[in-house]
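Written out below as structure tokens is the structure these notes cover.
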Amino acid sequence: MAAYLIGQIIIHDMEKFMPYVANTSAAIAKYGGEVLDVVEAKEVMEGHWPIGARTALVRFPDEASLRRFWNSPENASMKELRHGTATSHVAMCISVPRDNSPK
């Protein structure tokens with residue numbers, strides 16, 4: 001079953017952050033992942049959401065592949081870069097059954 005990384009990133013220094021994009025994309029692909037989309041918040045429709053925050057949706061074939069990427073040496077160095085140039089929140093998510101009505 002596919003596993004997803006969803007990351008919300010508020011970039012504080014775009015120039016220093018740019019190597020993160022290229023290097024992380026290559027590492028994601030190396031571990032079988034695919035960046036499905038990166039979007040930028042333009043308007044809060046409900047709740048609290050930082051305008052301008054970018055949200056990335058990355059799909060991996062399974063949880064094991066996602067965890068191999070997350071714990072990889074390539075990602076470790078990119079975490080340091082991300083933490084130095086942005087504020088981020090990242091979650092691993094899995095699909096829920098479509099029929100998730102109460103029993």
Can you give the helix-only mean residue ellipticity at 222 nm for the chain, where every DSSP H stretch with n ≥ 4 adds -39500 (n - 2.57) and the sum goes over all residues, rounded to the nearest 500 deg cm²/dmol?
-11500 deg cm²/dmol
Once amide hydrogens are built 1.01 Å from N within the peptide plane, the residues lying 5 or more places from D62 or on another chain with amide H under 5 Å from its amide H are A3
In nm, what is the difference between 0.36 nm times the number of residues separating S88 and S72 and their Cα-Cα distance?
3.9 nm
By count of other Cβ within 10 Å, fewest leading, how are L5, L66 ordered?
L5, L66
Name all residues of segment 58-89 having a backbone nitrogen under 20 Å from the label point set 7 Å from the Cα of E15 along its Cα→Cβ direction, giving them as ranges.
81-87
What residue among Y31, S88, M45 has its Cα farthest toward the positive end of the dipole of the chain, where the charges are +1 on Lys, Arg and -1 on Asp, Glu, each on the Cβ?
Y31
What does the charge dipole of the chain about its Cα centre add up to, to the nearest 20 debye, if the Cβ of each Lys and Arg holds +1 and the Cβ of each Asp and Glu holds -1?
240 debye
Can you give the local net charge around H83? Use residues other than it whose beta-carbon is closer than 14 angstrom to its beta-carbon, Lys and Arg +1, Asp and Glu -1.
+1
Which residues does a label at N23 reach in segment 60-102, if reach means a backbone N under 12 Å from a point 7 Å past the Cα toward the Cβ?
73-85
Residue-wise, which Karplus ³J(HN,Hα) couplings in Hz belong to segment 22-38, taking 6.51 cos²θ - 1.76 cosθ + 1.60, θ = phi - 60°, and x for glycine or proline?
5, 5, 6, 4, 5, 5, 4, 4, 4, 9, x, x, 9, 6, 7, 5, 10
Looking at A3, A64, N75, which one has the Cα that reaches farthest to the positive end of the dipole of the chain (charges on Cβ: Lys, Arg +1; Asp, Glu -1)?
A64
Non-local Lys pairs in the chain, i.e. 8 or more apart or on different chains, that have alpha carbons under 29 Å apart:
5
Quick note, segment 3-94: a/c under 1.5 would make it rounded; otherwise a/b > b/c is prolate and the rest oblate (a ≥ b ≥ c, C-alpha gyration tensor); here it is oblate
Does segment 60-103 come out rounded, prolate or oblate, given a ≥ b ≥ c as the square roots of the eigenvalues of its C-alpha gyration tensor, rounded meaning a/c under 1.5 and, failing that, prolate meaning a/b above b/c?
oblate
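We did not get these values from a lab; they are worked out from the coordinates using the rules stated. The structure displayed is predicted, hence computed values, not measured ones. Cβ coordinates were reconstructed from backbone atoms using ideal geometry, including for glycine residues, and neighbour counts include every protein chain displayed.
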